[in-house]
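Heads up, the thing below is written out as C-alpha cells.
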Amino acid sequence: MRLTQYFLPTLKETPADAQIASHRLMLRAGMVTQVTSGIYSWLPLGLRVLQKIQQIVREEQDRAQSLEVLMPTIQPAELWHTSGRYEDYGKEMLRIKDRHDREMLYGPTAEEVITDIFARFIKSYKDLPKRFYNIQWKFRDEIRPRFGVMRGREFLMKDNYSFDLDMEGAKKSYQAMLDAYVKTFKRMGLTAIPVRAESGAIGGAMSHEFQILAETGESEIFYDPAYDELKDDEINLENLQRLYAASDEIHDEANCPVDPKTLKTARGIEVGHIFNFGTKYSIPFGALVSGPDGDQIPVQMGSYGIGISRLVGAIIEAFHDESGIKWPESVAPFKVGLINIRVSDSACTALCDDIYAQLLNAGVEVLYDDRDKGAGAKFADMDLIGLPWQMAVGPRGAAQGQVELKNRHTGEKIELQMADALKKVA
Ligand code: ATP
Ligand code: MG
C-alpha cells in the first residue's frame with residue numbers, strides 16, 4: 001500500500017482525554033476514532049489489526065472442533081424473558097422498541113439465541129458434543145466506558161457455546177477451550193494467566209478469566225508463583241484447580257492457601273472468560289436430547305468469550321515504547337514499512353519502487369511511505385505505527401543499492417544490499 005493513497009490520520013499531539021498508552025497510541029496512530037462515548041470507528045490501519053486478531057481466534061476455534069455461526073446484534077426480548085435474564089441484566093442492556101412497539105435489545109451476549117437454535121434443531125445425544133462460536137459486535141451500556149476500545153460500549157467479542165450430554169463431556173469441552181485460548185494468546189505474543197473467576201468449593205470451580213499482566217490492567221490478581229513455571233500443556237483443569245489464582249473480586253485473604261510471603265500479585269487485563277453453567281439455559285429453553293436409553297436429558301452448557309477489540313489495546317499495552325507501538329508480527333497491520341527518504345531523488349525513488357514491487361510480488365505486506373515529507377516526520381510516523389520491520393532508502397544508499405533495515409522490536413539497524421534486505425524480511 002502506498003501511503004499517498006492510504007488513509008492514515010496520525011496525530012502529533014497526545015489526546016488529552018486518553019489515560020493509558022494503548023488508548024493514546026491507537027488514536028495517535030490513526031487506528032480508530034471516537035464516534036461517541038465508548039463507540040469507535042475503525043480506520044484502515046486499526047481494522048487490519050482487528051481482522052488479524054479475529055483470524056487467529058477463528059483458526060484456533062476451528063481447530064477446537066467448533067462451528068462458526070453468525071448471530072444477529074439485535075435480539076427480541078422474549079428470548080430473555082425465557083431465560084429470566086431480561087430484568088436481571090439491568091442498565092447495561094440497551095433496550096429498543098421496533099415500529100410495532102415490540103421490545104428488542106442490542107445483544108450483550110448470545111446464550112439465549114444459541115440455546116434456542118440448539119433446542120429447535122438438535123434432538124439426540126448422537127449429535128453431541130456440539131460447539132458453536134460467533135464473532136459479532138456486542139453492546140453493553142457500561143457505566144464508565146474508558147481506556148478506548150478496552151472498555152467500550154460497542155465491542156467485538158468471540159463467544160463460543162458448548163453442548164454436552166453430561167459433566168464428563170462438558171469438562172472435555174472446557175479443556176478444549178483452555179487449550180485453544182493458550183494457543184490463541186500465544187500466537188499474539190501474549191502470556192495470559194487463567195485465574196479462577198468464581199468462588200465456591202476448591203476443585204469445583206469451572207470458571208476462569210484469562211488475564212494479561214499489565215500495570216494498567218483494571219483487575220488485581222493474586223496467584224501462586226508456581227503459575228510462572230507451568231508449561232503450556234500443563235494448563236489443565238486439574239492444575240488450575242490445584243494452584244491458587246484469583247482476581248480481586250473473589251480473592252479471600254483469610255482462606256488463601258498460598259503463604260502471603262510468596263503469593264504474587266499483579267494487575268491484569270481480562271481478555272477472555274470461560275465458564276460452565278450446567279443446565280441454566282438448557283432447562284428453560286427445552287434444550288433436551290434423547291439419551292442412549294431414550295430418556296430426555298437437558299444438555300450441559302458452557303460459554304467462552306474473547307474480547308477481540310479489547311485485545312488490540314491489550315497487545316499495545318504489552319508491546320510499546322515511548323515512540324510508539326511495536327506489533328508482534330502475527331497481528332501487525334503490515335509486516336514492512338518502506339521509507340523513501342527523498343522522493344525528489346530519482347535514483348532513490350527508483351530503488352524504492354523496485355523494492356516495493358518485489359515485496360508485493362513475494363506476498364509481503366508492505367506500507368510504502370512515498371510522501372513528499374521530511375525524513376524525521378516519516379521515521380516518527382513509522383515508529384508510531386509500529387510495523388515490525390522498517391526499510392529506509394536515502395540518496396546515499398541508493399547510489400550503492402543499499403538500504404537500512406531496522407527491527408522495531410530490538411531497535412537494531414543494519415545496512416544491507418537490497419537483495420539481502422528483501423531476503424531477511426520475506
Ligand atoms: P469485565 O469484567 O471486563 O466487564 P465481563 O466479565 O463483563 O468483563 P464477559 O461477559 O465474560 O466479560 O465477556 C467476555 C470478554 O469480552 C471479556 O473477557 C472481555 O475480554 C470482553 N469484554 C467484556 N466487556 C467489554 C467491554 N465493555 N469492552 C471491550 N471488551 C469487553
Ligand atoms: Mg462486564
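What is the distance in Å between the Cα centres of the range 22-71 and the range 394-426?
If you average the Cα positions of each part, the centres end up 31 Å apart.
Identify, among 349, 330, 225, the residue whose Cα sits farthest towards the positive end of the charge dipole of the chain, taking +1 on the Cβ of Lys and Arg and -1 on the Cβ of Asp and Glu, with the dipole about the Cα centre.
349
Do the sum for the chain: with -39,500 (n - 2.57) for every DSSP H run of n ≥ 4, divided by all residues, what is the mean residue ellipticity at 222 nm, to the nearest 500 deg cm²/dmol?
On the way: 13 runs with 132 residues, N = 426.
After summing the helix terms and dividing by residue count, I get -9000 deg cm²/dmol.
Restricted to Cα positions, what overall size does the range 213-269 have along the principal axes? Three whole-Å values, descending.
In descending order, the Cα extents are 28, 26, 19 Å.
Determine the shape class of the chain: with a ≥ b ≥ c the square roots of the Cα gyration tensor eigenvalues, call it rounded for a/c under 1.5, and otherwise prolate if a/b is greater than b/c, oblate otherwise.
On the way: a/c = 2.09, a/b = 1.82, b/c = 1.15.
Prolate is the answer for the chain, as a/c is 1.5 or above and a/b outweighs b/c.
Remind me, relative contact order of the range 226-318 in percent, using alpha carbon pairs under 8 angstrom and six or more residues apart? Intermediate results must be reported in sequence, preceding the final value.
Working: 64 pairs, mean separation 21.7, N = 93.
The value is 23 percent.
Roughly what % antiparallel, to the nearest 5, for the DSSP beta bridges in the chain?
Details: 70 of 85 bridges.
The answer is about 80 percent antiparallel.
Quick check on my link table: of 186/264; 12/423; 378/423; 91/158; 231/423; 52/231, which ones sit more than 28 Å apart, alpha carbon to alpha carbon? Kindly include the intermediate steps, with their values, before the conclusion.
Details: 186/264 22 Å; 12/423 34 Å; 378/423 24 Å; 91/158 22 Å; 231/423 34 Å; 52/231 26 Å.
Violating the 28 Å limit, Cα to Cα: 12/423; 231/423.
List the GluC sites (Glu not before Pro) in the range 329-426 that DSSP assigns to loop (not H, G, I, E or B) and whose Cβ has at most 16 other Cβ atoms within 10 Å. Which are they? It would help to have the intermediate numbers written out before the result.
Values: sites: 329, 365, 404, 412, 415; in loops: 365, 412.
Passing sites in the range 329-426 are 365, 412.
So which aspartates and glutamates pass the test for residue 138, namely a Cα distance under 13 Å, with those fewer than 8 places away in the same chain ruled out?
Output for residue 138: 92, 111, 154, 159.
Name the most mobile residue of 362, 266, 398, meaning the one with the largest mean-square fluctuation, in a Gaussian network model of the chain with Cα contacts below 10 Å.
Evaluated over the chain, the most mobile residue of the options is 362.
Determine the dipole magnitude for the chain: charges of +1 sit on the beta-carbon of Lys and Arg, -1 on that of Asp and Glu, nothing else is charged, the reference point is the Cα centre, and the result goes in debye to the nearest 20. Don't skip to the end; give the middle numbers.
Working: 51 positive and 62 negative charges, 242 e Å.
That gives the chain a dipole magnitude of about 1160 debye.
Mean Kyte-Doolittle of at least 0.0 plus a Cα span of 24 Å or more along the axis: flag which DSSP H helices in the chain meet both, please.
none
By the gyration tensor of its Cα atoms, with a ≥ b ≥ c the square roots of the eigenvalues, what is the shape of the range 340-397: rounded for a/c under 1.5, prolate for a/b over b/c, or oblate? Intermediate results must be reported in sequence, preceding the final value.
Numbers: a/c = 2.11, a/b = 1.04, b/c = 2.03.
Oblate, because a/c is 1.5 or more while a/b does not exceed b/c.
Readers should treat all values here as calculations from the given coordinates under stated rules, not as data from a laboratory. Fair warning: this is a prediction, and the values are worked out from it, not measured in the lab. All Cβ positions, even for glycine, are placed from backbone atoms using ideal geometry, and neighbour counts span all protein chains on display.
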